1. Can you give me the long-range amide H partners of TYR23? Hydrogens built in the peptide plane at 1.01 Å from N, cutoff under 5 Å, separation of 5 or more residues or another chain.
2. Let me know the volume per residue of the alpha-carbon convex hull for the stretch 3-68, in Å³.
3. How much net charge surrounds SER11 when only other residues with a Cβ under 14 Å from its Cβ are counted (Lys, Arg +1; Asp, Glu -1)?
4. Enumerate the amide H contacts of SER11 below 5 Å, restricted to partners 5 or more residues apart or on another chain; note that Pro and chain-start residues carry no placed amide H.
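Only the coordinates and a few stated rules stand behind these numbers; no lab work does. No experiment lies behind these values; they were computed from the predicted model shown. Counting neighbours? That spans all protein chains shown, and the Cβs are built from the backbone with ideal geometry, glycine included.
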Amino acid sequence: MNEMIFLVEESPKGGYEARALGYSIYTQAETLEELKEMVRDAVRCHFEEATMPRVIKAPQHTKPQRWEVTS
């Protein structure tokens, strides 16, 4: 797999939430920068190195994000 898409939304309780499309991966954080790191961590925990996506796309309603996954 080369890329994975996360849906990023503002949380009703404050901060942001991210959900992977097609996978049981969910995380949350107070800022988009923190969320970026939390998403990377969640992906690393979910996949083995050989099957981990290299690019994470995280469109957010204000501006799309593209995050590289590195070990």
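1. Those lying under 5 Å, H to H, from TYR23: there are none.
2. Once divided by residue count, the hull of the stretch 3-68 is 78 Å³.
3. It works out to a net charge of -3.
4. Those lying under 5 Å, H to H, from SER11 are TYR16, GLU17.
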